[in-house]
Amino acid sequence: SSGINAEYGDAKCREFYVDLIASFVHNFNPDNNAGSFFPSIERHADLYIQEASTELRNKLFSLREAGTKLILITASDTPYTELLMSHSYGKDWRSFFDLVCCRAKKPGFFTSTAYRRPFFRDGIEIFELTADGDTYLEGHWTRVDKWIRHNTSKPGRVAYVGDSFKSDIIPTKLATSWDIVAIVLEGKLLHVSACEHKKPRPEKIGWGSFFGERTEPSMYGGRLFELSDLTLTDVEELVLLGYEQELPSNKTGNSFTFSPF
């Protein structure tokens with residue numbers, strides 16, 4: 001900041017910045033649990049990782065039984081993914097998915113040039129994906145899309161579920177033709193679903209909803225509802241969608257809403 005510059009000078013400020021970035025990288029380094037973040041999650045998994053409901057696990061199983069291809073695409077590295085998914089979905093979590101893609105390095109997974117983003121398995125570059133239970137690293141969405149088209153019995157749509165506006169929602173909308181289901185946990189904190197006020201509200205106190213009003217969404221809320229096809233407050237709400245059901249839209253007339261579930 002200008003205050004730090006004024007007191008310590010540019011050179012000291014640069015040293016502070018270098019140390020700050022180094023400490024950040026060390027703390028969140030997944031390799032060998034070097035920092036404090038990943039070991040803390042592992043030691044206190046019950047505190048930090050929420051277990052998926054039986055209903056959601058059954059939903060995933062029934063979708064696969066019906067022929068739907070399910071793919072996990074995560075920015076997390078393989079050991080951290082194993083920790084999260086084992087605790088949330090059980091030791092057999094891989095049985096829910098046809099493909100598992102880790103260390104996807106989103107948003108580059110969607111925005112980079114395809115030939116610059118090969119998949120790797122056991123350190124070897126992979127040109128064709130196969131549903132053999134192995135974990136793929138990095139890669140590009142076009143190869144996943146190609147795999148889906150070649151391994152489904154009839155043409156269909158692809159629904160991508162993500163919770164990061166920067167890494168999931170925006171790049172997927174710009175790069176693909178997939179339907180986008182945004183998970184926005186913050187919507188749960190509102191007593192009334194954001195932008196879904198059916199009665200006149202009393203005089204506002206404070207800033208009001210971060211997402212805006214029913215017909216006047218905020219800049220963030222407007223972009224969120226514009227770029228996603230369906231917005232939920234919890235991945236558990238996917239249980240309420242029927243197989244081959246048309247996705248209910250965010251947009252109702254001139255208003256923007258979270259899913260009515």
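The values are calculated or read from the model by the stated rules, or taken from the named source; none is laboratory data. Predicted model only: the values in this text are computed from it and were never measured. All Cβ positions, even for glycine, are placed from backbone atoms using ideal geometry, and neighbour counts span all protein chains on display. These accessible areas exclude ligands, DNA and RNA; they are computed on the full protein's heavy atoms, side chains included. Shrake-Rupley method; radii C 1.70, N 1.55, O 1.52, S 1.80 Å.
Just a few scattered comments:
- Once the range 132-163 is narrowed to residues that are open to solvent by 60 Å² or more (accessible area, probe 1.4 Å), in a loop (DSSP other than H, G, I, E, B) and under 14 Å from LEU99 (Cα atoms), the residue that is modelled with the lowest pLDDT is ASP132.
- Restricting the range 77-96 to residues that are open to solvent by 30 Å² or more (accessible area, probe 1.4 Å) and assigned to a loop (DSSP other than H, G, I, E, B) leaves a set whose member that is modelled with the lowest pLDDT is ASP77.
- Candidates are the residues of the range 67-76 that are of a type outside the set (Gly, Ala, Ser) and in a loop (DSSP other than H, G, I, E, B); the one that is most open to solvent (accessible area, probe 1.4 Å) is LYS69.
- Scan of the range 99-116 for residues that are in contact (Cβ under 8 Å) with a residue 40 or more places away in the chain and open to solvent by less than 20 Å² (accessible area, probe 1.4 Å), ordered by number: LEU99, CYS101, PHE109, PHE110
- Residues (crowded, with 16+ Cβ neighbours inside 10 Å, modelled with pLDDT of 90 or more, of a type outside the set (Val, Ile, Thr) and assigned to a helix (DSSP H, G or I)) located in the range 166-187: SER167, ASP168, PRO171, LYS173, ALA175
- Subset of the range 19-66 (residues that are under 30 Å from SER153 (Cβ atoms) and either in contact with a Pro (Cβ under 7 Å, 6 or more places away or on another chain) or open to solvent by less than 100 Å² (accessible area, probe 1.4 Å) (or both)): ALA52, SER53, THR54, LEU56, ARG57, ASN58, LYS59, LEU60, SER62, LEU63, ARG64, ALA66
- Top-ranked residue in the range 118-131 [being at pLDDT 90 or above and surrounded by 13 or more Cβ atoms within 10 Å (Cβ to Cβ); ranked as farthest from ASP229 (Cα to Cα)]: ARG121
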